[in-house]
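Take a look at the structure below.
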Amino acid sequence: MTATTPPLTAALGPRALANRQRIVAVAGDELRRNPSASMEDIAAAAGMVRRTLYGHFPTREALIDGMLDEAFEQVGRALDRVDTGQPPAVVVADLAVTLWAVGDEFCLLLRLDEASSRARAADRLAPVRGLVVTLVEDGQADGTFADHLPPAAVARVLTALVLELLNARGNGEWDSVDPARDAARACLIAAGVDRVTAAGIALTVAEKHRR
């Protein structure tokens, strides 16, 4: 599946692209250390003058958008490798483990104070939720998933569950020896799969990703 639109960086030259990627990477590091880091702090950490930073990202909001673009390019590349021809429960577990592997940057953005960052991030999650809606519909139709809630609502719950578990892991609120597996299991249980079956599917999918 394709979870993102074509990269906005496609028209940039090699030097401009390298500068942009460096800014985004350094901004992620700085904002992890200090969510209130200013544009000036980020420029200094990147070893460039403010004019260069503002040439790529004229505002903090534009920088957050750039970070979202980069995060979702990673998510899109990862999700393109998911085999959606598998049974719905296996695909849901596969999606959960895949999102877990690339979700750190995305969750950093959700933790920032910008009022609109969560809405902009949720916007970019729409294609992922669209796939999950289809999977839930298929799983409800064949009896794999519980059917007491509408598929769209279940899809929102499942995507939010993975993100909140990523946040809990990052904040030290949740400790697990295999968090990707446990996130997949939690999603399957939330969708209505019994605990034993969910544990078996999640373990199989997580082990496949480790190979």
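The values are calculated or read from the model by the stated rules, or taken from the named source; none is laboratory data. If you're wondering where the values come from, they're calculated on a predicted model, not measured in any experiment. Please note: Cβ atoms are built from the backbone with ideal geometry, for glycine as well, and neighbour counts cover all protein chains shown. Just so you know, the surface numbers come from the protein's heavy atoms only, side chains and all, with ligands and any DNA or RNA stripped out. Shrake-Rupley method; radii C 1.70, N 1.55, O 1.52, S 1.80 Å.
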* Residues in segment 10-42, backbone N under 16 Å from the label point at R60 (7 Å along the Cα-to-beta-carbon vector): list them, ranges by number please. => 27-42
* To do: For V177 paired with E40, estimate the spin-label separation in nm (one decimal), with each label point 7 Å from Cα along the Cα-to-Cβ line.
  => 5.0 nm
* Stretch T197-D142 to full length: gain in nm at 0.36 nm per residue minus the Cα-Cα span? -> 18.3 nm
* Rounded if a/c is under 1.5, else prolate if a/b beats b/c, else oblate: with a ≥ b ≥ c from the C-alpha gyration tensor eigenvalues square-rooted, which is segment 164-211? -> oblate
* To do: With everything on Cα atoms, drop me the angle between helix 195-210 and the longest principal axis of the chain, reported from 0 to 90° to the nearest 10.
  => 40 degrees
* Structure fact -> Among G28, G55, V157, the residue whose Cα sits farthest towards the positive end of the charge dipole of the chain (+1 at Cβ of Lys and Arg, -1 at Cβ of Asp and Glu, taken about the Cα centre) is G55
* Structure fact -> Given 45-55, 155-165, the highest-first ranking by average Cβ count within 10 Å works out to 155-165, 45-55
* Structure fact -> Between (1) 16.9, 49; (2) 18.5, 59; (3) 24.7, 97, the structure-derived Rg and Dmax of the Cα atoms in Å is (2)
* **Cα long-axis angle, helix 126-141 against the chain (0 to 90 degrees, to the nearest 10)** => 0 degrees
* **Whole-percent carbon and sulfur share, accessible surface of the chain, 1.4 Å** => 53 percent
* To do: Measure nothing fancy, just the Cα-based angle from helix 14-33's long axis to the longest principal axis of the chain, in degrees from 0 to 90, nearest 10.
  => 70 degrees
* Structure fact -> Here, R210 and N167, labelled 7 Å along Cα→Cβ, have an inter-label distance in nm of 2.9 nm
